[in-house]
Amino acid sequence: MRKFLLILMFVLITLPLFAKDMLVEIDVHNRNNFKTIYRGKFDIVDRQGTVFTLYIKDKQLDELKSLGFSPKVLIPDIQKYTAEGIKRGARIDTSLTGHYHTYAQTVVIMDSIANANSSICKLDTIGYSVNGRLILAMKISDNPNKKEDEAEVRIVGCHHGNEWPSSEIPLYLIAYLTEKYGTDSYITDLVDNREIWIMPIFNPDGHEAQTRHNANDIDLNRNYGYMWTADGGDTKAYGQPETEAMYKWSQRENFTLGLSYHTYHPAVNYVWNYTPNRAADSTMIYQYAQIYGDSTTAHGDSYWVTEGYDWYQTTGDLNDYSYGIDGVDDVTIELCHEFMPDSTELDSTWHINRGAMLATINKAGQGIHGYVIDSVTGDTIKESVINITEIDWPVFSDRETGDYFRDLLPGTYTVEAWANGYREKTISGVQVYSDSGTKLDISLAPDTTADYYAFKLVEADIDNASTPVINAHTSWALGKPDGKYVPLNNNGQIVLDMGQNTPILGNFTVFEGDDGTSNETYKVYASNTFNGPWTFIADGSGTETFSISGSGLSSARYIKIKDSGSNASSGSTAGFDLDAIENIKTNGPIAIILKDSLDDTGGDGKLDAGESASLYLMLKNVGTDTLKNCTAILTTNSAYISIFDSTCNYGYIAAGDSTYGNDYYTISASDSTPSQYEINFSLIVTGESYTDTLIYSLTTGGHSDYLVLDLDPDHSSGPVIDSILKALNYNGSYTTTFDSTVFPNYSSIFVCTGIYSNNAHIDNTEGNALHNYLVNDSGRLYIEGGDVWYYDPSQGYYDFCPDFGINATSDGNSDLATIGGITGTFTAGMSFSYSGENSWIDHIDPTGGGFVIFDNSSPAYNCGIANDAGIYKTVGVSFEFGGLTDGSNNSTKSALADSIMHFFLGNTGLRNNTAYSLANGKELFNVKNHFSNKLNILFVSPITSGAKLKIYNVTGRKMLSKDLNIRKGINKFSLNTKLHTGVYFIYLKSNNKEFKRKIFIIE
């Protein structure tokens, strides 16, 4: 603990040296001006619809007027307003009732409480402000001078210096916990089983001057290194001594949950703030936020619970940094209904928030925890990564003790753990119970042959106003190259920590992810401090190996990859795509699996049930010496897979070279192999004085009935659609992540974009991916959204209207009422009242092959169009499925969902090709690929069964025989054949029924 000699108290508040600050309100009628506000130097403190409340400098008032706004001044002088509020009752006492406290008073109170409660309190200085003031944090725990295997909670006040209530409520909590410890069993249990860190004032200089910003006029809550932009006024992330101190403190400690306090509009604001998409832990994050909100409701003031982006967008804030970098669920709590309410309101504000704060501290103990341990020495591993397979967002072991804590909702999970120098480990069936922690120590076996990889993210500045990367999964840059990648965006950059004990000493390899554009360019920098100075290493292109030799650095802990700004890719995969950074640990040969290729019986590049395949694996030597006399043996423990030829000879592989070898592996999948199932293999690679085991995996083929792609920030429809389709026994998946590589695995896709102002926009890259799914995969596509048809295309987003047979006629209004089905279509007889979001509902008419399936009663306009284009089918609506109210008979959401699926999976086929009927009116279609020996067969089956397919020519000669596994819904098979122009007969026998049809092939 820092020792304090004496602090003189001055109740008189000195006048600030900052320019005068103001609070103004503007109405942004034109949504095109939203970006002007977001990307301008205007600090947003509230948004209600189109009305923004801005914290500005007085000189910015004229700037707003010049932009065409008519600002209404709410507070003409923030400093004067704050000073007047303080004078109403500043004094020192440890009961803290009804008084504001200056920074100096707060320091004395914290020091006094720490000295009086030394058995449970530790006062620490985590850093200094621009003007040298102490940034203090109090640790409250039963053993405050010892780090234990306990969940750590971080509570931070006063990022913005004028928001004084945000420092008072954490101060109340310090006093309350210390006063109640030993007498209140609930509080005693929390203190005994948590490490609670409380920092009332993070911005001492701003607090002292009553200004939002710090002494360098920088908004500290826009200065962190996750999706940082220059919005906060600085030239780089972590550019202020306060935010640098927060970063270092958060790396030294290992927080589980966090609360960050602000004022102006009572709210519980959870991540993300930079994107409308939900976080990987969105279900837990929302539930915890709702617990806080519900508690405030029960205690006198109902705080609004909102995802940050839904309120207004921010970049580089503490919430997003905490979750994006450290895996900490950090929530912003906005107190009060103004910046500086009368001090007499502080007691009631504390009462409203007390139960919620305690509930959050309690929830920090729900999940899994333990130590990561070296299985040979028994020592803890200080830098390890713990991931939950079902969530795929990591947390990290404590850098000092090796313990970890992962907050989770009750359920059963699969836990993955890895560390540099150790073999990965996966533990299945880990059970988590409500309000309790499951102890799980994880032992990792040392691996002296393995190379090292980036261990943790430091900074990700990849958000860009013109081409935003939405919901970038930045943790995918960690660990080994695995095909998952992080797009850096145009001119974006990412900084990675290679590990304190595993810095780069020589060579390292940057692996490029495959977004369809190869050899994208970037710049590489290295440093031994997280925020520079940076040493330029080299320009890079694609996957490339670099060396720090000659750079002047003998080692490098941190690597920065910056996009060159000249790559052709755009949209959600813009810029260089980073898969991994490998620290090549030692001299000698090192083999990795660089590429794979599957030549299967069906010819679609996927291993289906009952199918055999030739598997080609390319090895690359990323080491420094030639790999001599290399051979490899493929093995698997999967009961579904048989390996008939398991050995391949790769010969000599020079450093930097790659080869498929002179052979391939022959594998087959049993008839019972599940669709979309991951098969894991081990490839045992040997050479002269070299042995290594590489992990390889592939996913089996087959189709699922549907994918719900929920891009709607509010998730108003996606979960409803998914739940109903599952109840109707359709097989499918739900996701909030746009990943076009999985689209061919689904017979139909339901895309939810939402209604303004809680809506997502589909850019041209994403739109083209959905278009390609329609035309290349005979897709079935449903899209809903209030702006996706008319407004979004006018703003440069993808125009789906041609694909959907839609003519968008108007941006609409807020006038959805009764939505009626159309006679003669699959919605005949349906009628729904509408209670969903209802703003700017696009008006749409049919064109081409489109036909109306829904209209609005009054005012009369069309709001649903279906289209049967032969090769694909679509349904487009401008309302939210989740906003429909169930009525009688077939006017239910379940009946509508089933009708859409019947429309999608009913009469299917390829335009301009001969169709021939099977059972129950289903149809089978065939078309030959003119540029290969592949015959593509697409059909729909009402059941799941096995089948035998045979093809004969007109002389009766059998040209092909194949066993198929047919599933209910759309089936697509791509068969390798050498069929030339002519007439052929297809026999398909399934479920004791046989169907015979004649086909024509024209080359």
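The numbers here are math on the coordinates, done by the rules we state, and not lab data. Owing to the predicted nature of the structure, the values given are computational and were not obtained by experimental measurement. A quick note on method: Cβ atoms are made from the backbone with ideal geometry, for glycine too, and the neighbour counts reach across all protein chains shown.
Backbone phi angles across the stretch 502-512, fed through the Karplus curve with coefficients 6.51, -1.76 and 1.60 (θ = phi - 60°), yield HN-Hα couplings of 9, x, 6, 10, x, 9, 8, 10, 9, 9, 8 Hz in residue order; Gly and Pro are listed as x.
Ranked by the mean number of other Cβ atoms within 10 Å per residue, highest first, peptides 154-162, 674-682, 262-270, 278-286 order as 154-162, 262-270, 278-286, 674-682. Taking the charge dipole of the chain about its Cα centre, with +1 at Lys and Arg Cβ atoms and -1 at Asp and Glu Cβ atoms, the residue from Ile325, Tyr422, Ser555 reaching farthest to the positive side is Tyr422.
What does the highest-first list of 527-536, 504-513 look like by mean Cβ count within 10 Å? It would help to have the intermediate numbers written out before the result.
Numbers: 527-536: 14.5, 504-513: 22.2.
Listed from highest to lowest mean packing, they are 504-513, 527-536.
Each residue of the stretch 684-696 was assigned a 3J(HN,Hα) from its phi angle through the Karplus expression (A = 6.51, B = -1.76, C = 1.60, θ = phi - 60°), giving 8, 9, 10, x, 5, 6, 8, 8, 7, 10, 9, 9, 9 Hz with x at Gly and Pro. Other residues with beta-carbon under 12 Å from the beta-carbon of Gly182 carry, at +1 per Lys or Arg and -1 per Asp or Glu, a net charge of -4.
Provide the gained length on full extension for the span Thr36 to Glu148, in nm with one decimal, where the gain is 0.36 nm per separating residue minus the Cα-Cα distance.
Details: separation 112, 0.36 × 112 = 40.32 nm, distance 4.81 nm.
Stretched out fully, the Thr36 to Glu148 stretch lengthens by 35.5 nm.
Which order do the peptides 394-405, 487-498, 66-77, 724-735 come out in when sorted by mean C-beta neighbours inside 10 angstrom, highest first? Numbers along the way, then the final one.
Numbers: 394-405: 21.1, 487-498: 24.1, 66-77: 14.6, 724-735: 16.2.
So the order, starting with the most tightly packed, is 487-498, 394-405, 724-735, 66-77.
Between the amide H of Ile537 and those of Val524, Tyr525, Ala526, distances stay under 5 Å, these residues lying 5 or more places away or on another chain, with hydrogens modeled in the peptide plane. Only lysine pairs 8 or more places apart, or on different chains, with alpha-carbon atoms under 27 angstrom apart are counted in the stretch 99-363, and they number 19. The shape of the stretch 530-662 comes out oblate: with a ≥ b ≥ c from the C-alpha gyration tensor, a/c is at least 1.5 while a/b does not beat b/c.
Do the sum for the chain: with -39,500 (n - 2.57) for every DSSP H run of n ≥ 4, divided by all residues, what is the mean residue ellipticity at 222 nm, to the nearest 500 deg cm²/dmol? Walk me through the intermediate numbers first.
Working: 17 runs with 166 residues, N = 1003.
Calculated mean residue ellipticity at 222 nm is -5000 deg cm²/dmol.
Computed from phi, the 3J(HN,Hα) profile of the stretch 526-531 under the Karplus parametrisation 6.51, -1.76, 1.60 (θ = phi - 60°) reads 9, 7, 10, 10, 5, 10 Hz, with x in place of Gly and Pro. Between Thr401 and Thr818, the simple spin-label model (points 7 angstrom out along Cα→Cβ) gives 6.5 nm. Amide H to amide H distances under 5 Å link Gly157 with Met199, Ile201, Phe202, Tyr261, where only residues 5 or more positions off or on other chains count and H is placed in the peptide plane.
Let me know the shape class of the stretch 704-905, please: from the alpha-carbon gyration tensor, a ≥ b ≥ c as square roots of the eigenvalues, rounded when a/c is under 1.5, otherwise prolate if a/b is greater than b/c, or oblate. Judged from the Cα gyration tensor, the stretch 704-905 comes out rounded (a/c under 1.5).
Quote the relative contact order of the chain in percent (integer), defining contacts as alpha-carbon pairs under 8 Å separated by 6+ residues.
Working: 2600 pairs, mean separation 58.0, N = 1003.
Normalised by residue count, the contact order of the chain is 6 percent.
Test of understanding: what is the full-extension gain from Asp657 to Asn131, defined as 0.36 nm times their sequence separation minus their Cα-Cα distance?
Values: separation 526, 0.36 × 526 = 189.36 nm, distance 5.56 nm.
The Asp657-Asn131 span can extend by a further 183.8 nm.
How high is the FRET efficiency from Glu678 to Asp62, r the C-beta distance, R0 45 Å, rounded to 0.05? Efficiency, rounded to the nearest 0.05: 0.15.
The label-point distance for Ser689 and Ser570, in a model that sets each label 7 Å from Cα toward Cβ, rounds to 5.3 nm.
Remark: spin-label model distance Lys72-Asp184 equals 4.1 nm, labels positioned 7 Å along the Cα→Cβ axis.
Need the C-alpha centroid separation for the stretch 194-227 versus the stretch 835-911, integer Å. The stretch 194-227 and the stretch 835-911 have Cα centres separated by 50 Å. Our estimate of slack between Ser434 and Phe851, defined as 0.36 nm per intervening residue step minus the Cα-Cα distance, is 145.1 nm. Thr741 label point, 7 Å along Cα→Cβ, cut-off 19 Å on backbone N: hits in the stretch 601-639? Residues 604-608, 615-620 qualify, since their backbone N sits under 19 Å from the label point. The angle between the Cα long axis of helix 718-727 and the main principal axis of the chain comes to about 50°, on a 0 to 90 degree scale. The separation of the stretch 96-154 from the stretch 383-416, counted between C-alpha centres, amounts to 28 Å. When DSSP beta bridges are limited to those with both residues in the stretch 367-444, what percentage is antiparallel, rounded to the nearest 5? Here the antiparallel bridges make up roughly 75 percent for the stretch 367-444.
Once the Cβ-Cβ distance between Ser443 and His337 is put in as r, and R0 is 41 Å, what FRET efficiency do you end up with, to the nearest 0.05? Efficiency for this residue pair is about 0.20. Compared with the dominant principal axis of the Cα atoms in the chain, helix 282-298 is inclined by about 40°. For Ile749, nonlocal amide neighbours, meaning residues 5 or more places apart or on other chains whose placed amide H falls under 5 Å from its own, are Leu707, Arg780, Leu781, Tyr782.
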